[in-house]
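See below for the structure under consideration.
The values are calculated or read from the model by the stated rules, or taken from the named source; none is laboratory data. Keep in mind the model is a prediction, meaning the values are calculated, not measured. FYI the Cβ positions are ideal-geometry reconstructions off the backbone, even for glycines, and counts take in every protein chain you see.
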Amino acid sequence: MRAIRVASAALLGACALTFSAPAAVAGNITPFGFSVLPSTIAAGGQVTLQLNRDGGCKGPATVTSGVFDTVTIPTGQSSRTAMVDWDAKPGAVYQVTFTCDGVSGSTDLTIAGGRPVGPTPVPINPVVPVNPNRGVHAGEGGSIAGFDLKEIGLGAALIAGSVGAAYHFSRRRTGEGGA
């Protein structure tokens with residue numbers, strides 16, 4: 001009986017792990033990570049091609065697709081941008097293939113309906129991590145602004161009244177109702 005419970009728990013855990021894995025990772029096992037941001041874009045928009053160089057990709061990477069020109073990500077860099085063709089069919093899904101050091105992996109790029117007004121904004125400078133050894137730079141920021149003696153007096157009176165009422169109701173009365 002115990003073996004059935006153990007087997008059921010193991011099977012349930014394996015199923016949960018299988019269904020929680022992203023579909024893009026399940027079919028593309030590469031020693032490097034990659035992504036297309038955003039994964040859905042209107043025709044004529046600009047996408048960022050990201051490459052994670054932690055481990056498997058040492059040399060230049062080539063990114064190909066039927067919806068934009070071939071892009072090369074040089075050694076030492078991890079992203080490039082590409083302009084999606086204006087004649088891309090709305091609703092179509094195009095395969096984007098990243099190739100580095102002889103290993104290839106691919107992901108999908110979906111073309112949304114409509115046309116963008118201009119190119120999709122892409123950050124020019126990468127996000128720089130904040131130095132955790134420094135504290136937050138903060139000022140008074142309104143902690144003294146609006147200093148009003150009436151409000152402070154009213155607040156003090158409310159606090160004193162509530163403390164007095166709590167004391168009054170919490171003390172034991174020996175003279176009332178006790179015959």
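Taking region 52-95, which residues are in a strand (DSSP E or B) and under 16 Å from Ala42 (Cβ atoms)? Those that are in a strand (DSSP E or B) and under 16 Å from Ala42 (Cβ atoms): Ser65, Thr81, Ala82, Met83, Val93, Tyr94. Which one of these is in contact with a Ser or Thr (Cβ under 9 Å, 6 or more places away or on another chain) and at pLDDT 60 or above: Ala61, Ala156, Ala138? Selected residue: Ala61, the only one of Ala61, Ala156, Ala138 that is in contact with a Ser or Thr (Cβ under 9 Å, 6 or more places away or on another chain) and at pLDDT 60 or above. Looking across region 35-57, not a single residue is acidic (Asp, Glu) and in contact with a Ser or Thr (Cβ under 6 Å, 6 or more places away or on another chain).
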